[in-house]
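Enquirer: There's a structure below that I have some questions on.
The values are calculated or read from the model by the stated rules, or taken from the named source; none is laboratory data. For clarity, every value in this text was computed on a predicted model and none was experimentally measured. Note that we place each Cβ from the backbone using ideal geometry, even for glycine, and neighbour counts take in every protein chain shown.
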């Protein structure tokens, strides 16, 4: 039965199997409907927008040409996979995107068989696709590994490490380079598309293979000359010399929005019997939506918005964002200190380094998605007398842990780590939660680890780090806005390893690290209402501990409770170790530790995530009452 142009084709497509029943002439209509459907969904939920709009046609073409899910499709980072989700049975759930219990904002194995590999950090796709391809080769199964990777993600060394080992996968590995910033390719046109189609075609591949076989029988000098002539000719026409040297058969660049080009070229690549292939497509972020095309960031990430006007729903003005407090403070400090530098790994606005860069462009370095390089680069700067601040999200710093250990901590170099997105992060979920940095940093000799309780404390800690020249120092702070406290006109240099008591009591002591301090104060109010006199201390430092303060509180209180926005092995473990080593628990002191659960928490609102983690005021109160064997009314519990 034929489909009229007015019929919503998207209503007939629930899976790629349905998509592959369409005629090529119908795909343009489908792509237009897919783009509109994605806009409608993200307008209601917010999320990543520009990158998904840019790959609509590419998504349609890949699922139309390749036999997904048997051919394993891996989207690098995964934030551009909203059109993919719509075409793979999840259209009805798109309005739950990034909401509690709803769809993830990234690809996720537990969500669909069409998500064979979870991704939310960049540059992993080629390695994973290579694994799928080689596994199928070894087990004699026909499926391919297909990686779609952006030009930004190609700045990370891991992508090239994978490509350097890809030859053994043969034609089972296809890498699609999505060049959406025009950072690699020149403008594409008819000639480029024609050449791409030509060199990916069977006649050309057969002719090339015949020439290759013939050249093998020539004397070695002529054989080398023939190979270089072939590579030179293709490199001049196509620009693929780098990828050819890595063992890939390069095709492109081609227009990633032109389905008449994409479909036949991908079909040629699918059917080609050559080694691993790299298809270079050029796309436009925000494609097809005028407000996104006109925006400087192409609407990379958005709040809920009006699809007609493009106007985003803005939160009411409030306290400044933590990353902006950091960036502005560092810029001011650098006005009088020419040794201060700032380094970020492709997250200048996310870390506040963009504020520093405006004031001190010659001392600001965005190294791309290269956290390992960022840390060792900072170590080199520190070794030469500069004062580098390495501003990286907690979850991204994990990618450079060996460099933190080997290049910074062992050499005791004064690199300053500004750790953004510490703690739970809401809609981005487990892949972006800064759960582990206290544990993985505080275990290192020579490392100082601080956590800001509010934005004023962040100012003090930035200043303290700038003046700390005796070794590495890290300070962590969360995503989002501060508490609204007044920022200090003059920053204070904190004494290393010294906390502060913000509320005095006599029976219960809550030792807080980081921004749970506000919840600790609420809990103290509730405990006081139950007749339990409560001290609240902001420890400020996870390492070194303020042992004098902790010792004094343990000696004068019946219950000591630690609270932190980090995993097991962090502050609580260090306090318990100290208490054990010094025999402080021998007199019946009750010590309890509250921390993030030993699990990966799914996306939700931050408040609900912290409720589930047991780190809000009611859970703090409950932990104290249980320790004291009191029920919620403060009455002694009858326990067996």
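Enquirer: Which condition number does residue 404 fail, the rest of (1) surrounded by 24 or more Cβ atoms within 10 Å (Cβ to Cβ); (2) part of a loop (DSSP other than H, G, I, E, B) being met?
Expert: (2)
Enquirer: Right, next: So residue 280 passes all but one of these: (1) out of contact with any strand residue (DSSP E or B) (no Cβ under 7 Å at 6 or more places or on another chain); (2) within 30 Å of residue 164 (Cα to Cα); (3) not in a loop (DSSP other than H, G, I, E, B). Which condition number does it fail?
Expert: Status for residue 280: all satisfied but (1).
Enquirer: Let me confirm something: among 611, 598, which residue is free of Cβ contacts under 8 Å to residues at least 60 places away in the same chain, out of contact with any helix residue (DSSP H, G or I) (no Cβ under 7 Å at 6 or more places or on another chain) and part of a helix (DSSP H, G or I)?
Expert: 611
Enquirer: Which ones in region 147-161 are within 21 Å of residue 51 (Cβ to Cβ), assigned to a helix (DSSP H, G or I) and at pLDDT 90 or above?
Expert: If the condition is that a residue be within 21 Å of residue 51 (Cβ to Cβ), assigned to a helix (DSSP H, G or I) and at pLDDT 90 or above, then 158, 159 are the ones that fit.
Enquirer: Say we look at region 240-263 and pick out the residues that are modelled with pLDDT of 90 or more, out of contact with any strand residue (DSSP E or B) (no Cβ under 9 Å at 6 or more places or on another chain) and assigned to a helix (DSSP H, G or I); which of these is surrounded by the fewest Cβ atoms within 10 Å (Cβ to Cβ)?
Expert: Within region 240-263, the match that is surrounded by the fewest Cβ atoms within 10 Å (Cβ to Cβ) is 260.
Enquirer: Hey, does region 95-112 have a residue that's surrounded by 17 or more Cβ atoms within 10 Å (Cβ to Cβ) and either over 22 Å from the mean Cα position of the chain (by Cα) or in a helix (DSSP H, G or I) (or both)?
Expert: Scanning region 95-112 turns up no residue that is surrounded by 17 or more Cβ atoms within 10 Å (Cβ to Cβ) and either over 22 Å from the mean Cα position of the chain (by Cα) or in a helix (DSSP H, G or I) (or both).
Enquirer: So if I check each of 420, 454, 428, which one is touching a residue at least 60 places away in the same chain (Cβ under 8 Å), buried (at least 24 other Cβ atoms within 10 Å of the Cβ) and outside the structural domain of residue 157 (by TED's automatic domain parsing)?
Expert: 420
Enquirer: Could you say which residue among 77, 42 is buried (at least 20 other Cβ atoms within 10 Å of the Cβ), in contact with a helix residue (DSSP H, G or I) (Cβ under 9 Å, 6 or more places away or on another chain), outside any helix (DSSP H, G or I) and at pLDDT below 95?
Expert: 77 is the lone residue from the list that is buried (at least 20 other Cβ atoms within 10 Å of the Cβ), in contact with a helix residue (DSSP H, G or I) (Cβ under 9 Å, 6 or more places away or on another chain), outside any helix (DSSP H, G or I) and at pLDDT below 95.
Enquirer: Could you please let me know if residue 374 is over 16 Å from residue 466 (Cα atoms), at pLDDT 95 or above and buried (at least 24 other Cβ atoms within 10 Å of the Cβ)?
Expert: Taking the combined requirement at face value, the residue satisfies it.
Enquirer: Of the conditions (1) at pLDDT 95 or above; (2) not in a loop (DSSP other than H, G, I, E, B), residue 22 fails just one. Which one is it?
Expert: All conditions pass for residue 22, except number (2).
Enquirer: Can we say residue 459 is surrounded by 17 or more Cβ atoms within 10 Å (Cβ to Cβ), out of contact with any strand residue (DSSP E or B) (no Cβ under 9 Å at 6 or more places or on another chain) and assigned by TED's automatic domain parsing to the domain that holds residue 330?
Expert: Here the answer is yes, as residue 459 does meet what is asked.
Enquirer: Let me ask something else. Any chance region 292-301 includes a residue that's touching a strand residue (DSSP E or B) at 6+ places or on another chain (Cβ under 7 Å) and either in the same structural domain as residue 178 (by TED's automatic domain parsing) or under 30 Å from residue 256 (Cβ atoms) (or both)?
Expert: So far as region 292-301 goes, yes, one or more of its residues are touching a strand residue (DSSP E or B) at 6+ places or on another chain (Cβ under 7 Å) and either in the same structural domain as residue 178 (by TED's automatic domain parsing) or under 30 Å from residue 256 (Cβ atoms) (or both).
Enquirer: Please find, within region 557-584, the residue that is nearest to residue 434 (Cα to Cα) out of those that are in contact with a strand residue (DSSP E or B) (Cβ under 8 Å, 6 or more places away or on another chain) and assigned to a helix (DSSP H, G or I).
Expert: Across region 557-584, the extreme among qualifying residues is 571.
Enquirer: With respect to the numbered conditions (1) free of Cβ contacts under 8 Å to residues at least 40 places away in the same chain; (2) at negative phi; (3) touching a helix residue (DSSP H, G or I) at 6+ places or on another chain (Cβ under 6 Å), which one is the sole condition not fulfilled by residue 340?
Expert: (1)
Enquirer: Within region 504-521, count every residue that is surrounded by 17 or more Cβ atoms within 10 Å (Cβ to Cβ) and not in a loop (DSSP other than H, G, I, E, B).
Expert: Qualifying residue count, region 504-521: 10.
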